[in-house]
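Encoded as structure tokens, the structure appears first; notes follow it.
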Amino acid sequence: MNIQKFQLIYAHIICFKDDPSQVGDKALTDYKTGALIIDDKGKITWVGDKANLPNKYKQVPSTNFGKKYLMAGFIDTHLHYPQYRMLAAPAKNLMDWLNRFTFKEEALYGDIDHASQAAELFLDFLLAHGTTSAMAFSSVHKQAANCLFEATDKRNMAFITGKTMMDRNAPENILDDPEQGALDSQSLIDKWHGKGRQRYAITPRFAITSSDAQLKLSGQLYKNNPSCYLQTHLSESLEEINMVKDLFPKAKDYTDVYDHFGILGKNSFFGHGIHLSERECQALSASHSKVVHCPTSNMFLGSGLLNIEYLKNASNPVDVSLASDIGGGTNYSMLHTIGEAFKIASYNNVSLSAYQGFYMATLGNAKQLGLENEIGSIKVKNWADFIIIDPEATPVLAARQQLSESLEDALFALAILGDDRAIKATYIAGRCLHNS
Ligand SMILES: [Zn+2]
């Protein structure tokens, strides 16, 4: 064995194998003196306690992170690349935010230089916050989506994006038309879907900005490319829901609009889903569609407070993933996102444990994407996409951790008090692409 083809990482390794809301503490393996072996392809070949490290790996070149935590990198299932710098835009509500700030910013992505520079910065921000994979909306411009794919492919990140389709109710300079939007999407699918670690998401922005003709073509694209994802928005604000009612008077409800055009399905991810009726939950559940919880965005725009238990425990349970929704969301950090999800759950008299939150942001999101055998956990044959977390990264965290009586307690403190300062290193396929 050529030891130079491997690398060995020592750390406190924390690894989810299952859903803690189903199996409790057994969901997690915790190697306080852990060791991880990565091969030259960037895959995990061994993980365990260093006392059990096989002899053949003992001379492999190593990096020692001591008592710092090593976890699977975070996965963000809903955010917007052309909004990478427009966090904290002070608006009255969703529609005001879109019209006053967002559409103007997204129009800049018609310039390829702007789009490619933005793609690099966007990915730098994700890696600095410990996010190793994401499903992101691009702008309406085909070339901007292409720029993002080039940047993610160069970094060998597992990434999902798609050109946004929108043909009405927005400024002229960010509209496409249904036929050209579908043709551009198909050509991006042909070029990028399945290339390296890249995957495509068919991306009609939402029912307000897509005509019947465009939604119909989106459904056809999805049918013709069944391994692609589909991402859009659903039931975010009450004002938006009323607009959808006016635009689609024959639909039973907002979800029925998408159902009618063939947009529901196991690879469909609906951002927000805050105000869903039982009937809508039933339709989403029956089609195995996913709702994406975006806590910081929902509070910032005053859209509403999603009740996760209502979706998960409804007579027809709906799958829920977790996301930042940058730039309606106010923080790239999935640590912060878990913390805000906890606060919203508390408001709804639901207890969201730290294990549940960390599970959702890693293996849970990977499972929702059907990628659990590639990313989301530290297991043999998965990609070595992981982060090093310092649980005592700030003076306040260090003081708080003196009171932590368990790993779960320490993780809870990180979710409430942590952010990018806690991320000491981010590895993609075994290569360190960020450290601080
Ligand atoms: Zn969004």
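The values are calculated or read from the model by the stated rules, or taken from the named source; none is laboratory data. Predicted, not measured: the structure shown is a model, and the values here were computed from it. No Cβ is skipped: glycine too gets one built from the backbone with ideal geometry, and neighbour counts run over all protein chains shown. The accessibility values were calculated without ligands, DNA or RNA, using every heavy atom of the protein model including side chains. Shrake-Rupley method; radii C 1.70, N 1.55, O 1.52, S 1.80 Å.
Here is how the numbers come out for the structure above:
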{"quantity": "Segment 256-303, residues that are open to solvent by 20 Å² or more (accessible area, probe 1.4 Å) and on the phi > 0 side of the Ramachandran plot", "calculated": "Gly262, His288, Gly302"}
{"quantity": "Residue identified as open to solvent by 10 Å² or more (accessible area, probe 1.4 Å) and touching a residue at least 40 places away in the same chain (Cβ under 8 Å) among Asn365, Asn382, Asn348", "calculated": "Asn348"}
{"quantity": "Some residue of segment 10-22 being over 23 Å from Pro391 (Cα atoms), modelled with pLDDT under 95 and open to solvent by 40 Å² or more (accessible area, probe 1.4 Å)", "calculated": "yes"}
{"quantity": "Selection count where residues are free of Cβ contacts under 8 Å to residues at least 12 places away in the same chain and open to solvent by less than 50 Å² (accessible area, probe 1.4 Å), scope segment 92-122", "calculated": "2"}
{"quantity": "Breaking point among (1) modelled with pLDDT of 95 or more; (2) more than 16 Å from the ligand (Cβ to nearest atom); (3) open to solvent by less than 40 Å² (accessible area, probe 1.4 Å); (4) touching a helix residue (DSSP H, G or I) at 6+ places or on another chain (Cβ under 9 Å), for Thr29", "calculated": "(4)"}
{"quantity": "Residue list for segment 56-108, restricted to those being assigned to a strand (DSSP E or B) and within 13 Å of the ligand (Cβ to nearest atom)", "calculated": "Asp76, Thr77, His78, Leu79, His80"}
{"quantity": "Any hit, segment 402-414, residues being hydroxyl-bearing (Ser, Thr, Tyr), surrounded by fewer than 22 Cβ atoms within 10 Å (Cβ to Cβ) and either under 22 Å from the mean Cα position of the chain (by Cα) or closer than 22 Å to Thr45 by Cα (or both)", "calculated": "no"}
{"quantity": "Those residues of segment 308-327 which are in contact with a strand residue (DSSP E or B) (Cβ under 9 Å, 6 or more places away or on another chain), over 16 Å from Lys367 (Cα atoms) and not charged (D, E, K, R), in sequence order", "calculated": "Ile308, Leu311, Ser324, Ile326, Gly327"}
{"quantity": "Pairs where the first residue, in segment 123-145, is open to solvent by 10 Å² or more (accessible area, probe 1.4 Å) and more than 16 Å from the ligand (Cβ to nearest atom) and the second is part of a loop (DSSP other than H, G, I, E, B) and among the aromatic types (Phe, Trp, Tyr), C-beta under 6 Å, 6+ apart", "calculated": "Phe125/Tyr332; His129/Tyr332"}
{"quantity": "Pairs where the first residue, in segment 411-424, is under 19 Å from Ala11 (Cβ atoms) and the second is part of a helix (DSSP H, G or I) and open to solvent by 30 Å² or more (accessible area, probe 1.4 Å), C-beta under 6 Å, 6+ apart", "calculated": "Ala413/Arg400"}
{"quantity": "Residues being within 16 Å of the ligand (Cβ to nearest atom), crowded, with 17+ Cβ neighbours inside 10 Å and not in a loop (DSSP other than H, G, I, E, B) - total across segment 219-240", "calculated": "7"}
